[in-house]
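Shown next, in structure tokens, is the structure this report addresses.
Please treat every number below as a calculation from the coordinates, not as lab data. Note that the coordinates shown come from a computational prediction; the quantities given were computed from them, not determined experimentally. Cβ sites come from the backbone with ideal geometry, for glycine too, and all protein chains shown count toward neighbours.
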Amino acid sequence: MNRGLRGATTVLQNEENQMIENTRLLIEEMVAKNNVQPTDVSHVFISVTKDLNAGFPAKALREISGWTYVPVMCMAEIDVPNSLPKCIRVMMVVNTTEEQEKIQHVFHHDAVKLRPDLVKGDNN
């Protein structure tokens, strides 16, 4: 079965290395908490808010061993007034037998504000 695995993080500055590093840390925790292997992943969508354009956060996946062939696409998040700034959102579609309510979504930094109902345990 395919399931969506959600994650989000924020950065302090519109800076490529920070965007890639925070995205890499987020992805690594998402896969660790959900026991995901790269071969389990159908595709990954990554969106960024309009104030982030210094680089492609999808580059973070290329730094993780085994992720070479996972399809990844970056896109702009819709520009909603008063929405969380400097935010990177990830939607990973994975093949899993896990029940939907058992999926562990991951939110780091200020992104914990997006879905406090889904935040479990310590998030950066």
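In region 77-106, the residues that are more than 13 Å from residue 51 (Cβ to Cβ) and in contact (Cβ under 8 Å) with a residue 12 or more places away in the chain reach residues that are hydrophobic (A, V, I, L, M, F, W, C) and part of a helix (DSSP H, G or I) with C-beta atoms within less than 6 angstrom, at least six apart or across chains, in these pairs: 106/30.
Selection over region 45-54 of residues that are in contact with a helix residue (DSSP H, G or I) (Cβ under 9 Å, 6 or more places away or on another chain) and either within 13 Å of residue 24 (Cα to Cα) or without any contact (Cβ under 8 Å) to a residue 40 or more places away in the chain (or both) gives a count of 1. The strands (runs of 3 or more DSSP E) found wholly in region 25-103 and carrying at least 3 residues that are among the β-branched types (Val, Ile, Thr) occupy 41-48, 87-95.
The residues on offer are 39, 23, 10, and the sole one that is exposed (fewer than 13 other Cβ atoms within 10 Å of the Cβ) and either free of Cβ contacts under 8 Å to residues at least 40 places away in the same chain or touching a Pro at 6+ places or on another chain (Cβ under 8 Å) (or both) is 39.
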